[in-house]
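Here is the structure we will look at, set down as structure tokens.
The values are calculated or read from the model by the stated rules, or taken from the named source; none is laboratory data. Predicted model only: the values in this text are computed from it and were never measured. As a convention, Cβ positions derive from the backbone with ideal geometry for all residues, glycine included, and neighbour counts pool all protein chains shown.
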Amino acid sequence: MTKGIEQFPQLGWRLIGDVTDLATSDADINDLGAGPLEDFVRAHGAAFIDRIERRAATNPKFRKALSWVRVPESKDALTRRLLALGCKATRPINPKVLRKLVAAAMTRDLATWPVPKPTTAASRGRRQG
């Protein structure tokens with residue numbers, strides 16, 4: 001979906017609207033906001049900000065999804081409008097800090113990292129069959 005959003009913004013806008021309408025849980029809405037909607041806003045927010053504001057004004061699920069969108073911290077008009085809709089600003093990580101974190105992670109013994117156990121329907125207490 002993300003590749004289509006980048007290359008075909010009109011189609012991406014329609015798909016995001018459809019996915020928003022079909023979302024049935026908070027998890028669906030959160031995933032939409034933190035994924036395809038965030039990608040769309042970052043790629044095409046300037047061209048679609050009026051439509052984003054209109055949809056947010058009339059669609060509570062879309063407005064909630066926007067609360068999961070992270071945009072680079074800035075003082076420009078577009079960012080101010082997005083923040084007013086509930087998007088969150090993120091500060092870029094300092095490259096020196098990032099290099100230190102990556103170096104520290106590379107020195108870890110991967111064998112000591114915890115591996116999550118796979119879950120099944122039975123282990124979640126759901127009936128099968």
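For the condition of a type in the set (Phe, Trp, Tyr), within 19 Å of ASP76 (Cβ to Cβ) and under 14 Å from the mean Cα position of the chain (by Cα), what is the one hit in PHE48, PHE40? Before you say what the answer is, go through the steps one by one.
Numbers: PHE48 fails: under 14 Å from the mean Cα position of the chain (by Cα).
So the residue among PHE48, PHE40 that is of a type in the set (Phe, Trp, Tyr), within 19 Å of ASP76 (Cβ to Cβ) and under 14 Å from the mean Cα position of the chain (by Cα) is PHE40.
Those residues that are charged (D, E, K, R) and within 14 Å of ARG51 (Cβ to Cβ), I need them from the range 4-21; list them, please. Talk me through it step by step, then tell me what you get.
Pass one, the range 4-21, residues charged (D, E, K, R): 6, 14, 18, 21.
Matches in the range 4-21: ARG14 only.
Among the candidates LEU11, LEU82, LEU37, which residue alone is touching a Gly at 6+ places or on another chain (Cβ under 9 Å) and at pLDDT 95 or above? Before the answer, list the steps.
Numbers: LEU11 fails: at pLDDT 95 or above; LEU37 fails: touching a Gly at 6+ places or on another chain (Cβ under 9 Å).
Matching residue, one of LEU11, LEU82, LEU37: LEU82.
Kindly check whether there is at least one residue in the range 78-93 that is more than 19 Å from ALA34 (Cα to Cα) and of a type outside the set (D, E, K, R).
no
Test each condition in (1) surrounded by fewer than 18 Cβ atoms within 10 Å (Cβ to Cβ); (2) in contact with a helix residue (DSSP H, G or I) (Cβ under 7 Å, 6 or more places away or on another chain) for ASP31 and report the one that comes out false.
Against the list (1) surrounded by fewer than 18 Cβ atoms within 10 Å (Cβ to Cβ); (2) in contact with a helix residue (DSSP H, G or I) (Cβ under 7 Å, 6 or more places away or on another chain), ASP31 comes up short only on (2).
Suppose we filter GLU38, GLU53 for residues that are of a type in the set (D, E, K, R) and farther than 15 Å from LYS88 by Cα; which single one remains?
Values: GLU38 fails: farther than 15 Å from LYS88 by Cα.
Exactly one residue qualifies, and that residue is GLU53.
Of the residues in the range 67-100, how many are in contact with a strand residue (DSSP E or B) (Cβ under 9 Å, 6 or more places away or on another chain) and among the acidic types (Asp, Glu)?
1
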